[in-house]
Amino acid sequence: MNRKKIHWDAMPFVRMLIPLILGILMYEWLQLRHYLVLSVFLSLSIVYIILVIRRLGVKKKIWYGTLLQMMLLTFGYNLASYQDDIQDVTHFSKQANADFNTILGSVIDVKERLYRYELVVDVERVENDLDNSRTNGLLNAYVNYDDLDIEVKVGQKIFFQSEINNHPLPKNPFVFDYGKFLSRKRIYHSTSNLRNFEVLSHPTDIRFWFHNQREKLLQNLHQKMQSDDNYAIAASILLGYRNDVGRDLKRSFAETGSMHVLAVSGLHVGIIWWIVGMVLGLFRSSSGSAKFISVATQLLVIWGFAFLTGASPSVLRAAGMFSVISIANLRQGDDSIYHRLAIAAFVMLCWNTNYLFDVGFQLSFAAVLGIVSFYPLISRRLTTDIMVLGYIWNGFAVTIGALIGTLPLTIYYFHYFPLISVLSGVVVVFLATLILGTGVLYFVTILFSAVISDALAFVLNFFVSSLNQLVSVLHELNFGFIDDIGITLLSVALFYLFIISLHRWLSKQDKWSVYSTSFSFLGISLVYFLSHVNIAPKHEIVLYHDYKTDALEIFKGQKSWFLADAQKTKDESGFLNKNLRIQNKTHNSIFIHRDSSYLDEQVFYRNGILKHEDLEMLFIDTGKKRSFPSSVHWDYIVLTDNPDISIVELGEKLKFDTLILAASNWSSKIKGWKAEAHALGMKTIDIKNTGAHTIYLDQ
């Protein structure tokens with residue numbers, strides 16, 4: 001079978017997309033003066049218009065292309081600058097007082113956390129002793145459930161008083177920067193100490209209507225599902241409601257590479273889009289009006305699904321991508337899928353330049369590109385007249401294509417590779433498709449037939465139970481999950497060069513594809529080798545910032561000793577140190593409980609005394625008082641869990657170089673201790689306020 005040749009000249013948006021992306025990256029990295037770049041853009045535009053009016057000959061066409069690329073480069077920069085709300089003079093941060101503000105705004109997003117709401121508020125007005133004017137901008141607000149007597153919903157007008165803060169910086173090395181994540185969504189400030197919270201009006205727009213319908217469907221679904229796990233999975237897949245998905249269930253799906261099924265995303269929107277397209281294909285007509293009606297129906301369904309599932313940014317983004325692709329299908333002629341994807345990416349980046357840095361945006365396009373590139377190459381390797389076998393093979397081809405497209409990004413962002421997902425992906429996605437299809441039919445039939453809806457509820461239970469049991473079995477097998485992988489951006493680029501070269505070699509098998517495949521493979525191997533050469537192995541002690549319990553880790557070479565309370569689980573400790581262990585290339589970690597004893601050739605720990613080579617550290621907590629030898633000169637003394645002790649008394653009884661105040665202590669205690677230590681001239685480290693502290697050894 002000969003594959004259709006790709007004509008890049010017929011895909012202008014592919015060429016236009018690259019300088020647009022580079023312009024957005026320029027704004028991120030360089031932060032040039034806005035008026036300067038705007039002047040360059042306007043000058044280039046004027047020159048381009050003059051060239052078009054003069055209609056230069058074919059030999060001069062290179063000037064058109066060069067100028068257009070430069071225009072798009074500066075356009076991307078100016079667009080990113082324009083969309084950066086923090087630069088707007090009417091942004092609420094320009095009028096806000098750091099201590100006290102009266103804020104009026106609308107709730108545009110609600111997340112239900114363990115003990116509190118996390119709200120995104122569109123701030124419309126800020127009142128304080130400095131200003132009283134209309135504003136704009138988004139604010140992240142945390143409200144405890146106990147402080148409210150009413151449910152908070154999207155679309156409500158709210159009033160409250162609070163201070164406004166910048167997002168706190170990460171307090172531990174290499175952990176996820178939630179503040180930066182929010183900033184990518186144009187949310188630059190947060191508040192948590194809300195007072196006089198009031199709901200001024202209830203929403204009446206379309207979002208509230210969808211929210212009410214979702215609540216009704218969730219109640220109906222809860223009545224029909226045969227178990228809590230079945231309800232949690234069905235609610236997550238069909239309606240994007242994940243609050244009832246337990247920790248064990250999440251872990252099972254995550255560690256089998258199936259978590260993407262539970263989080264409503266581009267996969268679900270794509271399945272709905274495909275199902276609607278397949279059904280409409282049964283009534284296919286070549287007329288333009290029929291094609292328009294088909295596309296309009298697809299758009300109506302996927303956007304309805306997007307709002308019904310909560311209108312999360314990832315779902316809206318996916319709906320936008322498939323909308324652009326659907327509209328592009330209306331064009332006459334044989335337009336390449338690559339060009340349609342480029343149009344979708346171009347339009348979406350013009351709408352929101354921050355999408356470029358969104359992991360979901362990157363993974364969505366990478367998955368679709370992987371599928372459209374590798375699916376034809378893989379699926380044609382097996383031809384069969386057996387329908388079931390053909391479906392399984394085609395599903396396998398789709399899964400492999402998506403996996404190839406997303407593999408470098410998955411490893412880079414999440415540091416793992418679920419090898420088992422290659423085997424489970426076909427069945428998991430197949431069951432998810434059946435659940436979505438059956439669920440949609442069930443929701444429709446409850447409007448007019450209890451008998452049919454009950455029958456569909458039975459079928460839906462069967463599919464959901466099958467998915468749950470499959471994931472549980474795969475999780476119990478516990479194989480094929482490669483964790484703690486760390487790669488650089490250079491490795492990601494080389495990985496994609498290898499994938500592109502591999503695709504070219506499988507398609508054309510020319511010498512250039514062999515050269516580029518070999519070069520990229522050697523590059524990946526070289527980068528991996530250089531990153532794992534232990535030129536300077538780490539030897540350090542990290543005292544982590546943790547409000548619940550204090551933790552410490554000794555790193556030496558590829559080994560570490562992690563000291564924490566016994567209740568600290570693997571998942572909780574992983575949040576603190578997983579990325580740091582990857583950076584330090586740690587392969588062997590030993591967990592030491594604070595209430596136990598430990599001894600090996602390099603580390604001794606007992607009753608709060610830690611010794612590592614020449615370093616001696618003493619932990620003093622709220623436990624029963626112990627007598628410590630006054631003759632020992634401690635390198636560090638760590639006060640943890642609010643011990644009832646004064647710094648003056650401590651200095652009289654013990655000899656030490658540095659006092660460390662752990663994050664588990666109350667702020668009032670730390671404030672008093674620091675005042676005493678300052679008066680005595682003691683060297684003090686405040687982990688609660690400054691974050692994790694690293695003690696570098698061998699220096």
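None of the figures in this text is laboratory data; all of them are computed from the coordinates on show. Keep in mind it's a predicted model, so treat the numbers as computed, not measured. Glycine also receives a Cβ, built like all others from the backbone with ideal geometry; neighbour counts cover every protein chain displayed.
When a/c is below 1.5 the answer is rounded, else prolate if a/b is larger than b/c, else oblate, so apply that to the stretch 8-83 with a ≥ b ≥ c taken from the square roots of the Cα gyration tensor eigenvalues.
Cα axes put the stretch 8-83 in the oblate bin.
Translational diffusion coefficient, Stokes-Einstein: compute it for the stretch 92-204 using the Kirkwood radius over C-alpha pairs as Rh, at 4 °C and 1.567 mPa s, and state it as an integer in µm² s⁻¹. Numbers along the way, then the final one.
Details: Rh = 14.4 Å.
In µm²/s, the coefficient rounds to 90.
Which whole-number percentage describes the relative contact order of the stretch 613-699, with Cα contacts under 8 Å and a sequence gap of 6 or more?
Value for the stretch 613-699: 25 percent.
Pull up all non-local amide H partners of Ile660: gap of 5 or more, or a different chain, and H-to-H distance under 5 Å with H placed in the peptide plane.
Here the answer is Ile637, Val638, Leu639, Ile685, since their amide H atoms fall under 5 Å of that of Ile660.
Amide H to amide H under 5 Å from Asn101: which residues, 5+ apart in sequence or cross-chain, H placed 1.01 Å off N in plane?
Residues meeting the criterion, in which the H sits 1.01 Å from N, are Ser162, Glu163.
Residues with amide H under 5 Å of His91's amide H, sequence separation 5 or more or different chain, H placed in the peptide plane at 1.01 Å from N; which?
Hits under the 5 Å cutoff: Asn136.
Applying the Karplus parametrisation 6.51 cos²θ - 1.76 cosθ + 1.60 with θ = phi - 60° to the phi angles of the stretch 427-443, what ³J(HN,Hα) value in whole Hz is obtained for each residue in order, glycine and proline being reported as x?
Along the stretch 427-443, the couplings run 5, 5, 5, 4, 5, 4, 5, 5, 5, 5, x, 5, x, 4, 4, 4, 5 Hz.
Using DSSP to call loops (not H, G, I, E or B), can you name the trypsin sites (Lys or Arg not before Pro) in the stretch 204-301 whose Cβ has at most 16 other Cβ atoms within 10 angstrom?
Loop-located and lightly packed - Arg284.
From the Cα trace of the stretch 539-696, what convex hull volume per residue do you get, rounded to a whole Å³?
Looking at the stretch 539-696, the number lands at 112 Å³ per residue.
How far is helix 489-507 tilted, in degrees, relative to the longest principal axis of the Cα atoms in the chain, given as a value from 0 to 90 rounded to the nearest 10?
Taking the Cα atoms of the chain, the angle to 489-507 is about 30 degrees.
Hey, what angle do you get for helix 266-281 against the long axis of the chain, alpha-carbon based, 0 to 90 degrees rounded to 10?
It is inclined by approximately 20 degrees.
For helix 387-414, what angle does its Cα long axis make with the longest principal axis of the chain, in degrees from 0 to 90 and rounded to 10?
On a 0 to 90 degree scale, this one is about 40.
Under the classification rounded if a/c is under 1.5, otherwise prolate if a/b is larger than b/c and oblate if not, where does the stretch 171-269 fall, given a ≥ b ≥ c as square roots of the Cα gyration tensor eigenvalues?
oblate
Distance between Cα centroids, the stretch 226-269 to the stretch 82-112: provide it in whole Å.
A separation of 33 Å, based on Cα centres.
Report, for the stretch 539-696, the % of DSSP beta bridges that are antiparallel, rounded to 5. Please list the in-between numbers first.
Numbers: 24 of 44 bridges.
If I count the DSSP bridges inside the stretch 539-696, around 55 percent turn out antiparallel.
Determine the shape class of the stretch 489-531: with a ≥ b ≥ c the square roots of the Cα gyration tensor eigenvalues, call it rounded for a/c under 1.5, and otherwise prolate if a/b is greater than b/c, oblate otherwise.
Judged from the Cα gyration tensor, the stretch 489-531 comes out prolate (a/c at least 1.5, a/b above b/c).
How large is the direction-averaged shadow of the alpha-carbon convex hull of the chain, in nm²? Please list the in-between numbers first.
Values: hull surface 158.6 nm².
It is 39.7 nm².
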